[in-house]
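Working notes, structure below.
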Amino acid sequence: MSEMLNKYCAKLFGKTGFIVEIGVIKKVTNRTIHVDWGTKTWIYQNKDFIWMPLGKEEFEQKYKKPKFSEAALNRAVELGLKITYN
């Protein structure tokens with residue numbers, strides 16, 4: 001579980017894959033996962049955590065700029081992620 005710490009996850013809008021929020025996993029216990037979404041930190045039970053945690057390079061490679069909301073792009077800049085069009 002500790003390998004999930006400081007990895008990124010994204011909340012997607014519907015089936016389009018449009019990213020509305022970017023979160024960072026801040027704490028992992030045997031029952032819960034704490035995710036900082038920027039404006040708030042949510043605590044999820046392990047069974048309710050539906051996101052695939054990705055490292056910085058994996059996140060930058062998987063998600064491209066046209067699929068980000070303005071708030072998500074601002075959060076990416078805040079986290080030091082480089083989001084490109086390619």
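The values are calculated or read from the model by the stated rules, or taken from the named source; none is laboratory data. Remember, predicted model here, so these are calculated numbers, not experimental data. Cβ atoms come from the backbone with ideal geometry, glycine included; neighbour counts cover every protein chain shown. Surface areas here come from the heavy atoms of the whole protein model, side chains and all, with no ligands, DNA or RNA. Shrake-Rupley method; radii C 1.70, N 1.55, O 1.52, S 1.80 Å.
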GNM of the chain, Cα pairs under 10 angstrom: of 38, 23, 14, the biggest fluctuation goes to 14
Report in % the part of the accessible area of the chain that belongs to carbon and sulfur, leaving out ligands and nucleic acids; probe 1.4 Å.
54 percent
Between 50, 33, 19, where does the largest GNM mean-square fluctuation fall for the chain, given springs only between Cα atoms within less than 10 Å?
50
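What is the dipole size for the chain, taken about its Cα centre, with +1 at each Lys and Arg Cβ and -1 at each Asp and Glu Cβ, in debye to the nearest 20?
About 140 debye.
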Taking only C-alpha pairs under 8 Å that are 6+ residues apart, what is the relative contact order of the stretch 30-86 in percent?
26 percent
Given springs between every Cα pair under 10 Å in a Gaussian network model of the chain, which of 74, 30, 46 has the largest fluctuation?
30
Using the alpha-carbon atoms, what tilt in degrees (0 to 90, nearest 10) does helix 70-79 show relative to the longest principal axis of the chain?
60 degrees
